[in-house]
Amino acid sequence: ATTFVNLGFDEGQRVFVPTDDFPREDRPPASLALPGWVFMIGDQHQESVWYGFPISGDSLFALQPEGDGVFSGPNALIINNGRAGEAYVPRLSQIGRLAGDVFAMEFLLLSATPAQALDVRIDDEILKLVSLGKEQLGDVSWTRMGADVSAYAGEEVLLDIRSIRPTNSNEHVLYGFVIDDIRFTDRQIPELSPGFLSLLSLLGLGARRRR
């Protein structure tokens, strides 16, 4: 089995394929623009992704090119959740083998609600995400999120990242986030103890509620 690839969304080809519906935008094949990943909206496989900032309010994936050094590499990935309902949930996934000494999964996140923007799953088990603090890239302040994945060290697993909508969200409002720099590390993730959660709450960082 292979290790995970293209975790920073920077390994694809910059292929420009103008569309008839949106002539100002590009819809490159997902397999070229973002190799290694599988893209789904509901149960529908997505053969292409947007390139550049999307002008659509639908659920979609968009590869966003670098601007003023605000990403960890050349690109980041925008995931928009356009409507309420399982049929519109965007998710990306990849199968790979984790190193035997891995402890944590980490990634950079841009979201108005970082503690409630997404589910991250391994083999369909939802990971407990915590904020590891802020990271400034250019003039953008990212939240670095982390989760303990030590139980899966050395195993081949399915990584699944899904956009979710806040509880009681307006079904006509677009929700989404930007994700970048996914990595698997040996960092020790803080325990989700009541005291730690209270501290996060005081800092305004929050953590995903337990399910």
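Every number in this text was worked out from the coordinates using simple rules, so none of it is lab data. What you see is a predicted model, and the numbers here were worked out from it, not measured in a lab. With ideal geometry, Cβ positions are generated from the backbone for all residues, glycine too; neighbour counts draw on all protein chains shown.
Between S56 and L32, the simple spin-label model (points 7 angstrom out along Cα→Cβ) gives 1.8 nm.
Using the Cβ-Cβ distance between Q44 and S150 with R0 = 41 Å, the FRET efficiency computed as 1/(1 + (r/R0)^6) comes to roughly 0.75.
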